[in-house]
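> Sharing a structure below in structure tokens format, with a few things to ask.
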Amino acid sequence: MLDKDRIKALEKEIGRLTSELSDAYKELALVYELSLKMAPLLDTAAIADILLIKGMGLLEAGVGVVILFNTDGEVTFRSSKGIEEGRILGIERYRPDTIEDDLSKALGVKDPLIVPIALKEKRIGILCFGKKEGGRKFSLLDKRLASALATQSAGMFMSSSLYLKLESLLLKTIRALIRAIEEREPYLVGHSERVARIGVGIAQELGLSEKEKRNLEMASLLHDIGKMSIERKILEKPGRLTEEEWKVVREHPKKSLFVIEDIGELREIFSALLHHHERYEGKGYPNGIKGEEIPLLSRIIAVADTFDAMTSDRPYRMRYTEEGTIREIKACSGSQFDPKVVEAFLRLREHRPDLFSKEEV
Ligand SMILES: [Fe+2]
């Protein structure tokens with residue numbers, strides 16, 4: 001028979017193990033939940049958002065800050081919740097010996113909880129929480145939970161930064177390719193770049209996400225790449241095209257798609273390219289689809305492309321005035337163009353006339 005002291009000791013031990021188990025479960029559940037939420041994200045700001053919201057809720061913190069830096073210690077990204085963004089702008093470098101003081105001062109909180117965001121022992125950032133006014137002190141478990149959050153996010157931040165680097169390289173390569181192609185046709189120089197600029201402006205007006213805007217930028221740059229294979233005498237022909245020549249011209253969206261369809265990374269813009277000559281009422285090409293069946297990115301390119309093409313000289317005609325072009329675009333709202341896109345285009349023209357310049361910006 002066990003004596004009372006022994007039973008007490010065992011109860012204590014069970015209590016300790018239960019609490020440890022519950023802490024471990026909390027950590028594990030947290031890591032699992034975060035990995036589910038963050039896995040589909042490649043946007044640094046979105047990852048930081050989830051990290052801060054989750055962390056602040058869990059630790060009952062009033063302030064949360066994420067700072068990322070490069071190998072030289074220069075801050076490359078910062079995000080905060082619970083304070084004005086401006087308070088952490090002063091922190092431009094990561095200095096291991098002063099960062100705690102710097103953050104304490106910047107946040108105006110005592111004893112912040114700071115944990116490193118590290119990947120294979122290499123620090124790529126820090127995660128910091130501040131108590132709520134009059135809130136409880138951070139515990140050891142809080143620190144462990146914050147560390148689990150930081151560890152989980154490190155890989156995500158790294159993937160996001162690699163992805164952005166890769167995407168920027170892809171965009172630069174596309175730009176160089178398009179420039180080389182447009183150089184051969186002097187009247188085309190800068191056309192795709194301007195369509196991209198106006199298109200992204202329209203997308204901004206429509207509240208599209210960063211990812212959609214990046215896709216639109218690539219699709220706008222590449223939309224007419226299929227015209228490369230059309231003979232110049234057709235593209236530059238003054239006067240009416242024959243039925244046979246029209247057939248060739250109408251093939252160019254399919255050819256644009258053909259040029260890039262082996263590049264899996266561009267998959268998301270395939271349909272935007274293919275349908276950029278569809279018309280809202282359904283009389284366009286190649287498929288004659290209409291309304292919302294036409295991808296939104298194609299509907300945006302259609303307006304931006306028309307504006308730039310009409311206001312530029314072509315071998316077979318002089319340019320139209322901007323006013324005349326805008327009148328024409330308005331007149332075609334609901335037939336050739338999506339009225340929502342035309343409205344966004346007109347709003348953009350009102351407050352960002354600089355985007356419509358023919359000069360490089
Ligand atoms: Fe086109």
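We did not get these values from a lab; they are worked out from the coordinates using the rules stated. Keep in mind that what you see is a predicted model, and the values were worked out from it rather than measured. All Cβ positions, even for glycine, are placed from backbone atoms using ideal geometry, and neighbour counts span all protein chains on display.
> Please label the shape of the stretch 319-361 as rounded, prolate or oblate, based on the square roots a ≥ b ≥ c of the eigenvalues of the alpha-carbon gyration tensor (a/c under 1.5 means rounded; beyond that, a/b larger than b/c means prolate, else oblate).
It comes out oblate by the Cα gyration axes.
> Among the lysines, select those whose C-alpha is under 16 Å from the C-alpha of LYS211, and discard any that sit fewer than 8 residues away in the same chain.
Of all the lysines, those that pass the test against LYS211 - Cα under 16 Å, at least 8 places apart if same chain - are LYS165.
> Still on this structure, please answer the following. As an exercise, identify the trypsin sites (Lys or Arg not before Pro) in the stretch 259-347 lying in DSSP coil whose Cβ has no more than 16 other Cβ atoms within 10 Å.
For trypsin sites (Lys or Arg not before Pro) across the stretch 259-347 that sit outside H, G, I, E and B with at most 16 neighbouring Cβ atoms in 10 Å, the list reads LYS283, LYS290, ARG319.
> Let me know the Rg and Dmax you get for the chain when you use only its Cα atoms, in Å.
Rg then Dmax for the chain, in Å: 28.2, 108.
> Still on this structure, I have one more. First measure r as the distance between the Cβ atoms of LYS233 and ALA331, then evaluate 1/(1 + (r/R0)^6) with R0 = 30 Å and state the FRET efficiency to the nearest 0.05.
0.45
> Using the Cα gyration tensor of the stretch 94-197, with a ≥ b ≥ c the square roots of its eigenvalues, what is the shape: rounded (a/c below 1.5), prolate (a/b larger than b/c) or oblate (neither)?
Because a/c hits 1.5 or more and a/b exceeds b/c, the stretch 94-197 counts as prolate.
> What 222 nm value per residue comes from the helices of the chain, counting each DSSP H run with n ≥ 4 as -39,500 (n - 2.57) and dividing by all residues, nearest 500 deg cm²/dmol?
One gets -18000 deg cm²/dmol as the mean residue ellipticity at 222 nm.
> Now for a different question. Cross-link candidates for LYS330: which lysines have Cα within less than 23 Å, leaving aside residues fewer than 8 places away along the same chain?
By straight Cα distance, LYS330 reaches LYS283, LYS290, LYS340, LYS358.
> Which of the aspartates and glutamates could a cross-linker bridge to LYS247, judged by Cα under 16 Å and excluding same-chain residues fewer than eight apart?
ASP224, GLU231, GLU236, GLU278
> Okay, which of the stretch 240-276 sit inside 19 Å, backbone N to the point 7 Å along the Cα-Cβ direction of ARG175?
266
> May I pose another question? Relative contact order of the stretch 112-171, please, whole-number percent, based on alpha carbon pairs below 8 angstrom and at least 6 residues apart.
The normalised contact order for the stretch 112-171 reaches 34 percent.
> Quick one: length gained pulling VAL75 to ALA9 fully straight, 0.36 nm per residue minus the C-alpha distance?
Difference between extended and current length: 18.6 nm.
> Also: Using a Gaussian network model of the chain whose springs link C-alpha atoms within less than 10 Å, name the residue from HIS275, HIS351, HIS191 with the highest mean-square fluctuation.
Maximum among the listed residues: HIS351.
> Check every DSSP H run in the chain and write down those whose alpha carbon atoms cover 27 angstrom or more along the long axis and whose mean Kyte-Doolittle hydropathy is -0.5 or greater.
Flagged H segments are 4-38, 140-183.
> I've got another one for you. Counting other Cβ atoms within 10 Å of each Cβ, which trypsin sites (Lys or Arg not before Pro) in the stretch 228-258 have at most 13 and sit in a DSSP loop?
For trypsin sites (Lys or Arg not before Pro) across the stretch 228-258 that sit outside H, G, I, E and B with at most 13 neighbouring Cβ atoms in 10 Å, the list reads ARG240.
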